[in-house]
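Asker: Starting off with a structure, shown below.
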Amino acid sequence: MNEFVKYTETNYRKMEGAAQILYGTRNDVLNKINKDKENEPTQQCQAWIDKVNQLEKAVKILESEYPTAEKKSFREGFEFSKVLEKMHDELQSCLDQGSKIQVLVERIPPIIRVPAPKIEDKSSLYTVFTKMTDYFEDENVERIGLWGTVGVGKTAIMKNLNNSEQANALDIVIFATLPDEMNQENSKDEMNKEKLNCENEELKLKALELEKEKLRELKLKALELAKEKLRQEIAGRLKLKIEGMTKSEINFRISEELKDKKYLFLLDDVWDILDLDDIGICSNKKDSKVILASRKQNICWGMDIDAIEELKPLPIKEAVALFKEKLGTKGKHLEFRGVAEPVVKQCSCLPLLIEKVAGFFKQKDSKNWRKLLEKFQTWDYYDVDGMVEVLNKFRFCFEELDREDKKLCFLYCALHTEGYEISTNHLVECCKAEKFILDVASGHLIVGDLIDASLLEKDEKKKCLKMNKVLRNMALKISSEWEDLKFLVKAGGLEELLSDKQWEEAKRISLMDNSHRLSSLPEKLNCINLSTLFLQRNLALTAIPDKFFESMQKLRVLDLHGTRVKKLPSPFCLEGLEVLYLSCCDQLLELPSEMILQNLEVLDIRGTGIYCLPIQIRQMKKLRCLRMSFSRYDVESGKEEEHQGVISNLSLLEELVIEVKAQNRWWNNVVKHITREVSRLTKLTSLSFCFHDVESFKSFVHNTELWQDPNFTFQFCVGQHDSTRCLKSANGENIDNAITISRLIVVSNDTLELIGHKGALSLSDFGIENINELKCCIIEGCNEILTVIDARGTMESVLTRLERIYISNVPMLESIWEGHIPDGSLAQLTVLCLSECSKLTKIFSPAMIKQLSKLQHLQIEDCPEIEQIIVESENNGSEPLELPSLTELVLRDLPKLTSIWKENPLSCPSLRATKIINCDKLKSVLIA
């Protein structure tokens, strides 16, 4: 019997030991999950944790029975011992499984917010928006259709649905647009010519049938290509790795990822019926919703919708109000009354068209509005669907441009992929090279005019442009009529390789964004008239044939950005080339040894594998803009001397960017010499540079005259730097004492002083990753900053190490924080001082207060619009707030301040000193 007791005890101890190890492993996994704000547990990991929890319950039952094991009969005791042994094996098996599972996967934010126009003040749009959100609560409605003519506001509603509170409650929201591949075809229709030239009626009918068949084939091809792009976009949103998969495999991966999620799929601009199952969007019975927007009602019904809403043009009153709003101050002129109603009627009360047309009336003297209206009213052309009419009205906007250079710049934008962002600098540099504009300065003015005329849209945050797809379609149509332009645009829409004839007839070719569809180029061509070639972001393009560029001596713009090209042909001779983009060609390790580019003005080689200054640049004496980055390199190159004189030989340089990765030993050896060369450049207006230390920076300041130019701008890094923990800086305007410029930059990795900076709307513009290590931040005299941190779309913790922040004289500042506040953000902040922020109305949200557990000193002065320190919470004050470490509070010259927080007293148990001066409306401090 004693042996039996020992046997039972041995099994019990083994089970107990295995259980403790397993629980510890589970707790380690849970700690890892809880600390990681960027990732979330995999389904496999969650299932393993659940299994451990179940085993823990079973073990507890056995532990409760063990003390009575000695009293069991021999048979019962033997069975109990076997159960203990089996449990040990299960625990051990579970522990083995735990060592093999993937714990975390990248967290997918439920919503990626998109810029959406305000619709609350447009009752007709907002009414439809409200109806759409009501369907979120209807379990009998899964698919909803939204239809209406082009420009009526469907996209505005779809974007607002994406950003809505109802969408925020779901697991994931996917917003996509069906790519319109039918509009990639901008060549003339030979079949149509055959039909028109045919006199025999029977042959005419045959030609017509052939044309219809051709169009059907084109449409099917276009739809298949559009679905391929949609699959890629959806998979990207879900962060799925699908390289090498067939379309059916991709569909399965998407549907598997969505099957357990309550999702919202928004598909805008549906131009043909497609099977959603064929892009992985399947019904999962989880009360998920699909919303489709189309110009045609029958397309919505053809996709098995359960409910449909029609969006009609604005009522006259709302249309006039929108026209007035878009005119800005000119909407107050007396002439407005005489033209407003006729204009919006001519625009068919379509919001998109009203906005664009308002841009032109805004640019003209109001005394000439009636004449402009008369011209506008002659542009009538109707068709069944409204598209031709709208394009015709847009064409009026284009034709009213007062100069050809503006028209050419606008049309050039159509070379870019539909819906993609267009860098303003890229557009201006290319248009200058194409001789559409005289210089960079006038180019930026032209871009501004196109934005003011509503022909281009500007993204303030990203400093880039977008072209509305309807306007792009119109631009492609117009470009096909201009013999001198000869665009061939297959941006994102390449189905088959171009023929030699297509290459040779075009003057401007765009093959960008064809991913893995463009993997090779012709060996040799006769492209004697080609002036622009866009090949950017073709990931499968790894090689360029040696003689590919041989005939392209009139080529002025070449963009290979983001390709995987490993080398360029040598010799690389392009006599007419003025702009060359090689940025993000990460496989490119060096430039050709022989480069004949005597007219090159812009060279961008950032993000390549090049680790030192290419000496070939010495001969590019017309360079105005040079952008470089040097990759990580920890080996002595022994070539420092041969690079001397390269920069100083570029006497026409206006913009110089040199970015350096940490551990680049070559740079450390040459930086002092290159600093001296840069200081001698006299035409620089923009400089981004990495100084080795503060002394080298001061030496540069003393030896350059650039500070005397009030328009000189810069970004500097001083000291040892890392790509994830670097700079940023300021603008050098009106600097009296150059040596004090050291106050304006990051003088170490953990301090940022932003004084008089131009361009940034928030610190987030510098990249969250670049500011996350800061301990101290000073913002002063920055006239364009709207918010300190814009965390919209960010799930990671922000400024986790920041201890002190001082903000002074920031007149446009509207808030400290925008967006979600992830846990851990501002967790180390001890000092916050605000002064002279005349537009600031709010400071803290309750969610922000919860992160400030270490805040000790709070000082707010001379902010005339602040009414509350903490804005009202959404839960009506049900949760008390506390600043446990606050010891000093200073409030001065806040004439509108009425309360710290209206809802409850703010708990500040450590508060020792309170100074409140000239806050006459503050009746009660309400601090507990």
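Asker: Keeping the other protein chains in place, figure out the carbon and sulfur percent of the accessible area of the chain, with a 1.4 Å probe. Please list the in-between numbers first.
Answerer: On the way: 20690 of 43480 Å².
C and S atoms contribute 48 percent here.
Asker: Something else about it: Using 0.36 nm per residue of separation minus the Cα-Cα distance, give me the extension gain between TRP482 and LEU218 in nm, one decimal.
Answerer: Numbers: separation 264, 0.36 × 264 = 95.04 nm, distance 2.44 nm.
The TRP482-LEU218 span can extend by a further 92.6 nm.
Asker: Evaluate 2.2 N^0.38 Å with N set to the residue count of the stretch 75-135, then give the Cα radius of gyration divided by it. Provide the component values of the computation, followed by the final result.
Answerer: Numbers: Rg = 28.7 Å, N = 61, 2.2 N^0.38 = 10.5 Å.
Cα-based Rg divided by the globular estimate yields 2.74.
Asker: Related question: Report the Cα centroid-to-centroid distance between the stretch 390-424 and the stretch 331-365 in angstrom, as an integer.
Answerer: Taking the Cα centre of the stretch 331-365 as reference, the centre of the stretch 390-424 is 20 Å away.
Asker: Moving on to the next point. Which order, highest average first, do 63-71, 530-538, 280-288 follow once you tally other Cβ atoms within 10 Å for each residue and take the mean per peptide?
Answerer: Details: 63-71: 11.8, 530-538: 23.7, 280-288: 16.4.
Descending mean neighbour count gives 530-538, 280-288, 63-71.
Asker: Give a residue-ordered list of calculated ³J(HN,Hα) values for the stretch 222-235 (Karplus: 6.51 cos²θ - 1.76 cosθ + 1.60, θ = phi - 60°; whole Hz; x for Gly, Pro).
Answerer: 4, 5, 5, 5, 4, 5, 4, 5, 4, 4, 4, 5, 5, 4
Asker: Sequence-distant or interchain residues sharing an amide H contact under 5 Å with LEU754, placed H: which?
Answerer: Counting only residues 5 or more places away or on other chains, the set is ILE778, ILE779, GLU780.
Asker: Using θ = phi - 60° and the Karplus form 6.51 cos²θ - 1.76 cosθ + 1.60, what ³J(HN,Hα) does each residue of the stretch 361-366 get, whole Hz, x for Gly and Pro?
Answerer: Result, ordered by residue: 5, 5, 7, 8, 4, 4 Hz.
Asker: Of LYS296/LYS324; LYS131/LYS326; LYS326/LYS393; LYS239/LYS262; LYS501/LYS567; LYS227/LYS567, which ones are farther than 22 Å apart at the Cα? Please report the intermediate quantities before stating the final value.
Answerer: Values: LYS296/LYS324 30 Å; LYS131/LYS326 27 Å; LYS326/LYS393 17 Å; LYS239/LYS262 17 Å; LYS501/LYS567 27 Å; LYS227/LYS567 34 Å.
Checking Cα-Cα distances, LYS296/LYS324; LYS131/LYS326; LYS501/LYS567; LYS227/LYS567 exceed 22 Å.
Asker: While we're looking at this one, here's another question. Using Cα centres only, tell me the gap between the stretch 240-289 and the stretch 591-632 in whole Å.
Answerer: Using only Cα atoms, the two centres lie 45 Å from each other.
Asker: Please work out the FRET efficiency for the pair ALA58 and ILE101, using the Cβ-Cβ distance as r and a Förster radius of 22 Å; give the result to the nearest 0.05. Don't skip to the answer; put the middle values down first.
Answerer: Details: r = 21 Å, r/R0 = 0.93.
Once the sixth-power term is evaluated, E becomes 0.60.
Asker: Calculate for the chain the 222 nm mean residue ellipticity that helices alone would give, adding -39,500 (n - 2.57) per DSSP H run of length 4 or more and normalising by residue count, nearest 500 deg cm²/dmol. Mind showing how you got there, number by number?
Answerer: Numbers: 24 runs with 311 residues, N = 928.
It lands at -10500 deg cm²/dmol.
Asker: Per 0.36 nm of contour for each residue apart, how much would the distance between LEU30 and SER907 grow if the chain were fully extended, relative to their Cα-Cα spacing? Intermediate values should be presented prior to the final figure.
Answerer: Details: separation 877, 0.36 × 877 = 315.72 nm, distance 3.19 nm.
Stretched fully, the LEU30-SER907 segment lengthens by 312.5 nm.
Asker: What FRET efficiency would be calculated for the residue pair LYS286, LYS683, taking the C-beta separation as r and a Förster radius of 45 Å, to the nearest 0.05?
Answerer: Details: r = 62 Å, r/R0 = 1.38.
With R0 = 45 Å, the Cβ-Cβ based efficiency is 0.15.
Asker: I would also like to ask the following. Can you compute the modelled spin-label distance between GLU243 and ASP402, with each label point 7 Å from Cα toward Cβ, in nm?
Answerer: Computed distance between label sites GLU243 and ASP402 equals 5.2 nm.
Asker: For VAL890 and GLN166 in the same chain, what is the full-extension length gain: residue separation times 0.36 nm, less their Cα-Cα distance, in nm? All intermediate terms of the calculation are to be shown ahead of the outcome.
Answerer: Values: separation 724, 0.36 × 724 = 260.64 nm, distance 4.01 nm.
Contour length minus the Cα-Cα distance gives 256.6 nm.
Asker: Would you please give the residues with an amide H less than 5 Å from that of SER688, counting only those at least 5 places away or on a separate chain, with H modeled from the backbone geometry?
Answerer: Amide H to amide H, under 5 Å and 5 or more residues apart or across chains, SER688 pairs with LEU656, VAL657, ILE658, GLN715.
Asker: So, one more: Once you've got the Cα coordinates, tell me which of LYS118/LYS367; LYS154/LYS289; LYS118/LYS407; LYS122/LYS375; LYS842/LYS915; LYS214/LYS490 are over 22 Å apart.
Answerer: Details: LYS118/LYS367 30 Å; LYS154/LYS289 17 Å; LYS118/LYS407 30 Å; LYS122/LYS375 29 Å; LYS842/LYS915 20 Å; LYS214/LYS490 19 Å.
The answer is LYS118/LYS367; LYS118/LYS407; LYS122/LYS375.
Asker: Over the stretch 491-589, give the accessible area per residue in Å² for a 1.4 Å probe, as an integer.
Answerer: Values: 3960 Å² over 99 residues.
Averaged over the residues of the stretch 491-589, the accessible area is 40 Å².
Asker: Can you work out the accessible area per residue across the stretch 768-868, with the rest of the protein chains kept in place, probe 1.4 Å, in square angstrom?
Answerer: Values: 3660 Å² over 101 residues.
Value returned for the stretch 768-868: 36 Å² of accessible area per residue.
Asker: Using only alpha carbon pairs under 8 Å that are at least six residues apart, calculate the relative contact order of the chain and give it in whole percent. Before the final figure, lay out the partial values.
Answerer: Working: 1867 pairs, mean separation 47.0, N = 928.
5 percent.
Asker: Next up: Could you calculate the FRET efficiency of GLU654 with TYR66 from 1/(1 + (r/R0)^6), where r is the beta carbon distance between them and R0 is 60 Å, rounded to 0.05? Don't skip to the end; give the middle numbers.
Answerer: Values: r = 83 Å, r/R0 = 1.38.
For GLU654 and TYR66, the calculated efficiency is 0.15.
Asker: What shape does the chain take by its C-alpha gyration tensor, where a ≥ b ≥ c are the square roots of the eigenvalues and a/c under 1.5 counts as rounded, a/b above b/c as prolate, and the rest as oblate?
Answerer: Judged from the Cα gyration tensor, the chain comes out rounded (a/c under 1.5).
Asker: Loop only per DSSP, at most 14 neighbouring Cβ atoms within 10 Å: give me the GluC sites (Glu not before Pro) in the stretch 232-314, ordered by residue number. Kindly include the intermediate steps, with their values, before the conclusion.
Answerer: Working: sites: GLU233, GLU243, GLU249, GLU256, GLU257, GLU309, GLU310; in loops: GLU243.
Sparse-neighbourhood loop GluC sites (Glu not before Pro): GLU243.
The values are calculated or read from the model by the stated rules, or taken from the named source; none is laboratory data. Fair warning: this is a prediction, and the values are worked out from it, not measured in the lab. Here the Cβ is made from the backbone with ideal geometry for all residues, glycine too, and neighbour counts use every protein chain on show. Remember, those area values only see protein heavy atoms, side chains included, never the ligands or the DNA or RNA. Shrake-Rupley method; radii C 1.70, N 1.55, O 1.52, S 1.80 Å.
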